[in-house]
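The values are calculated or read from the model by the stated rules, or taken from the named source; none is laboratory data. Predicted, not measured: the structure shown is a model, and the values here were computed from it. Cβ coordinates were reconstructed from backbone atoms using ideal geometry, including for glycine residues, and neighbour counts include every protein chain displayed.
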Amino acid sequence: MTGLILAAWASVGVCILLLLTVFIVMGRLARVDRLTITRHAEVSTIVRSLVVGDAATAPAPRRASTLHAVASVAVRLSGEDLVAIQTWLRQHDAVPIALKGMQARRPLDRARSTRLYVRAVKRPSAVIMGRMLADPDRRVRSICALEWGTTGSAEAIGPVLAAVCRSEKRLPPLVASIAIMRCRLLDVSALHAAWSSGDADGLRVALATGSAAGLAGVQPHALAALQHDDALVRISAADALRRVGTRPSLEPLRRHARLENNPVARRHLLSAIGALGGTP
């Protein structure tokens, strides 16, 4: 009998504990909701003042996280609206806060601070961005490349491509391609890091971005890349020639198609030949 009573009281205690846990969790969720609503309202008021109202009336941020939230809007703006956002960010110490955060211990903090820095300045420093491209964490390097690319500056192309070609702390090729495609790629010499190193990943990025930009100067590099040991590079070379190749490229393409052992690469070579109006 005593055991049943103790068991009943234990059950009651467990129920009370569960109810308290539920109430605590609900209270914390409600607090998070209130904070989220408050922050959204703060950011909306600031952005609205900067973009459609009087920039002079835009309130100061209540916390550093507001700077990051406002900066996230900058990527969707241009012209006077972008200048207004950047000016407001600099007026409220976004740059020194970002530079300090770029040295933080946590990779996430460094990545967020890199984004804040790029979106707060008119022209990111190549020295600072180069340092972040060599960050120990791949996510930070990727954010740095993508953010630098969003500025459209050709100054980013060389360092981003070089980060793909180096032996350590490499930048993922796909990230580099996206970043470079966002820039104004006007000269094949900007892709020098890939041509000089012969790195497989770098060549793939250079061939893809250069040919996508319609640079005729990619053709001799693509012809040379048809002899590369890496099948993926040979595929990229064939695709590049399909875009920017000319009739003189047909004979090298035919020759390499006859010698190609990789069926996928051979298919791309044949596709390039057909696109240039030739026959195998």
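Can you tell me which residue in the range 54-78 is surrounded by the fewest Cβ atoms within 10 Å (Cβ to Cβ), limited to those that are closer than 19 Å to residue 146 by Cβ, of a type in the set (A, V, I, L, M, F, W, C) and at pLDDT below 85?
The residue in question is 75.
How many residues are buried (at least 17 other Cβ atoms within 10 Å of the Cβ) and either out of contact with any Phe, Trp or Tyr (no Cβ under 7 Å at 6 or more places or on another chain) or among the aromatic types (Phe, Trp, Tyr) (or both) if we restrict to the range 116-127?
Going through the range 116-127 one residue at a time, the tally reaches 5.
Within the range 96-110, restricting attention to residues that are part of a helix (DSSP H, G or I) and of a type in the set (A, V, I, L, M), which residue is surrounded by the fewest Cβ atoms within 10 Å (Cβ to Cβ)?
108
Only residues that are within 17 Å of residue 211 (Cα to Cα) and of a type in the set (D, E, K, R): list them for the range 168-186, please.
Once the filter is applied, which keeps residues that are within 17 Å of residue 211 (Cα to Cα) and of a type in the set (D, E, K, R), the range 168-186 yields 182, 184.
Residues of the range 158-184 being polar (S, T, N, Q) and surrounded by fewer than 17 Cβ atoms within 10 Å (Cβ to Cβ), which ones?
167
If you check residue 81 against the conditions, is it surrounded by 15 or more Cβ atoms within 10 Å (Cβ to Cβ), acidic (Asp, Glu) and farther than 24 Å from residue 180 by Cβ?
Against the criterion (surrounded by 15 or more Cβ atoms within 10 Å (Cβ to Cβ), acidic (Asp, Glu) and farther than 24 Å from residue 180 by Cβ), residue 81 qualifies.
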